[in-house]
Every structure is written in structure tokens, then in C-alpha cells.
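Encoded as C-alpha cells, the structure appears first; notes follow it.
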């Protein structure tokens, strides 16, 4: 029978390396124009984020046509804050925010960041594509009145 130490040591040695930052920056204005997009915010210093990164990668491999935009909250704190202001979604890490035409349609964090969650939510959004008007998260929620999309 394996002990907790055996399990943790095995996980630690087999864990993915710290996620690499995959994008130099995200154009929020352009992101708001996409029919469906996912923002993935994570910390390269957090084991929970490493696990979430692996799950997001699984989703990306299974769904190569759905754009996933990755933000390292340590490398790009300003962008992370802009996303929080723009979407009205309280910051967490790791966190995914699913957007349709700039409107937040779903969000989860920590253990909720799974390939199954992303698949379920993006399928439901894909099947109801025509029903959502094109509005910014601020317009939709009313939480971020006066906030403009950073350039």
C-alpha cells in the first residue's frame, strides 16, 4: 500500500514542468470580437496551477479550433488586473473565463478547471451561438461601468 508520501513524491517527480507563458500579450479588444474564447489565468509558482495547466492542455488538444488565451498572473499582473476590471470576475488563480463575443458566459477556478468542464461549457455555448447579443462584459453585468477595454 502506498503512503501519502509515496504518492506525493511520485506526483512531484512526474508533474509537468512549470507552464510556459504561451502568449506575449492579449489584445482584449480583439478578444471581445471572438465568437467564443477562453481566458486561462494561472501562476507558474503554484502546483494547483500546474495541474490546471495540464487539464487545459488536454482540452486544447481535444478542441484545437477553440481559442485559449493564457495569462501568467506573475509575468503579466497588469493584464490580469485589466481582465478582472473588464470582465467583472473576481480574480482567482488558476481560473478560466469563457467568453462569447466579449460577454462572460462561464467561469471557474482551482479544482473546477478541468477538460470536462471546458468541453461541457463550450459545447453548450456552441449549440446556442445565435442567441447572445454582442455586448461587452461591462455592459452585460453593469459591474464595471466606465471601464474601457485596455489598448
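Nothing in this text is a laboratory measurement; each read-out follows from the coordinates by a stated rule. Quick caveat, the model's predicted, so the values are computed rather than measured. A quick note on method: Cβ atoms are made from the backbone with ideal geometry, for glycine too, and the neighbour counts reach across all protein chains shown.
For a label point 7 angstrom out from the Cα of residue 91 toward its Cβ, which stretches of the range 32-59 have the backbone nitrogen within less than 12 Å? Flagged as within label range: 42-43. Look at the Cα gyration tensor of the range 23-73: its axes a ≥ b ≥ c give a/c of at least 1.5 with a/b at or below b/c, and that counts as oblate.
What does the convex hull of the Cα atoms of the range 59-120 come to per residue, in Å³, rounded to a whole number? If you can, show how the numbers build up before the last one.
Details: hull volume 5.7 nm³, N = 62.
Output value, Cα hull per residue: 92 Å³.
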